[in-house]
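Enquirer: Here it is, the structure in full.
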Amino acid sequence: LGFVFYSPSPRAVTIAQVKDIIEGLPPFVSIVALFVDASADEVNNCLNELAIDIVQFHGDESAEYCEQFNTPYMKAIRMKEGVELTELAERYSSASALLLDSYQPGVPGGTGQAFDWSMINDIDKPIILAGGLTVNNVAMAIEQVQPYAVDVSGGVEQSKGIKEQQKIRAFMQEVMNGGTDGK
């Protein structure tokens with residue numbers, strides 16, 4: 001489960017809210033903390049207060065910045081013309097994965113728009129596909145890109161920041177069908 005620690009987002013949460021949520025989770029649910037150009041103090045505070053499994057850096061953070069927390073991390077890459085994934089995979093070699101998201105000027109993510117998946121070249125790093133994924137396109141995305149995982153937020157919401165259980169179930173069914181033509 002991913003939690004957004006970026007106050008401008010309608011999906012933003014507090015440490016106290018996340019504590020309440022994760023207390024009720026069953027074992028083996030991974031907890032992801034998402035930050036956008038946060039201060040090191042903010043990230044450290046979260047890591048000290050919560051049992052975070054992996055950090056998702058979704059801004060313009062350098063590899064050195066991401067590495068300083070000694071916590072597994074994934075680096076979000078906003079896919080736009082001219083992005084060199086091979087070079088970014090080398091730059092963020094310590095990342096557990098690269099999360100590929102849509103690009104929209106001035107917006108760090110959560111645009112609800114898919115990007116041209118043909119921009120993705122083969123890299124030696126797990127890819128997490130994000131950006132405009134819905135029940136209508138996730139199976140096709142998995143078949144075409146063959147990512148390590150997919151990331152969804154807006155595609156399963158009834159309104160900004162409010163998830164809809166039926167959309168989550170339908171999305172998960174399509175994820176399980178991804179690349180198998182329903183077989």
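Enquirer: Being more than 17 Å from Ala149 (Cα to Cα), in contact with a helix residue (DSSP H, G or I) (Cβ under 9 Å, 6 or more places away or on another chain) and in a loop (DSSP other than H, G, I, E, B) is the filter here, so list the residues in the range 71-96 that pass it.
Expert: Across the range 71-96, the qualifying residues are Thr71, Lys80, Glu81, Val83, Tyr92, Ser93, Ser94.
Enquirer: Would a scan of the range 67-90 turn up a residue that is buried (at least 18 other Cβ atoms within 10 Å of the Cβ) and touching a Gly at 6+ places or on another chain (Cβ under 6 Å)?
Expert: No, every residue in the range 67-90 fails to be buried (at least 18 other Cβ atoms within 10 Å of the Cβ) and touching a Gly at 6+ places or on another chain (Cβ under 6 Å).
Enquirer: For a quick check of your reading of the model, give me the residue pairs whose first member lies in the range 31-55 and is under 13 Å from Gly2 (Cα atoms), whose second is surrounded by 14 or more Cβ atoms within 10 Å (Cβ to Cβ) and among the hydroxyl-bearing types (Ser, Thr, Tyr), with beta-carbon atoms closer than 8 Å and at least 6 apart or on different chains.
Expert: Pairs that qualify, where the first residue is under 13 Å from Gly2 (Cα atoms) and the partner is surrounded by 14 or more Cβ atoms within 10 Å (Cβ to Cβ) and among the hydroxyl-bearing types (Ser, Thr, Tyr), are Leu34/Tyr6; Phe35/Tyr6; Ile52/Thr71; Ile54/Thr71; Ile54/Tyr73; Ile54/Ser96; Val55/Thr71; Val55/Tyr73.
Enquirer: Let me ask something else. For the structure I just gave you, tell me whether Val156 is in contact with a strand residue (DSSP E or B) (Cβ under 7 Å, 6 or more places away or on another chain), modelled with pLDDT under 90 and under 21 Å from Ala12 (Cβ atoms).
Expert: For Val156, the condition - in contact with a strand residue (DSSP E or B) (Cβ under 7 Å, 6 or more places away or on another chain), modelled with pLDDT under 90 and under 21 Å from Ala12 (Cβ atoms) - is met.
The values are calculated or read from the model by the stated rules, or taken from the named source; none is laboratory data. Computed from a predicted structure; not experimentally measured. Note that each Cβ is placed from the backbone with ideal geometry, even for glycine, and that neighbours are counted across all protein chains shown.
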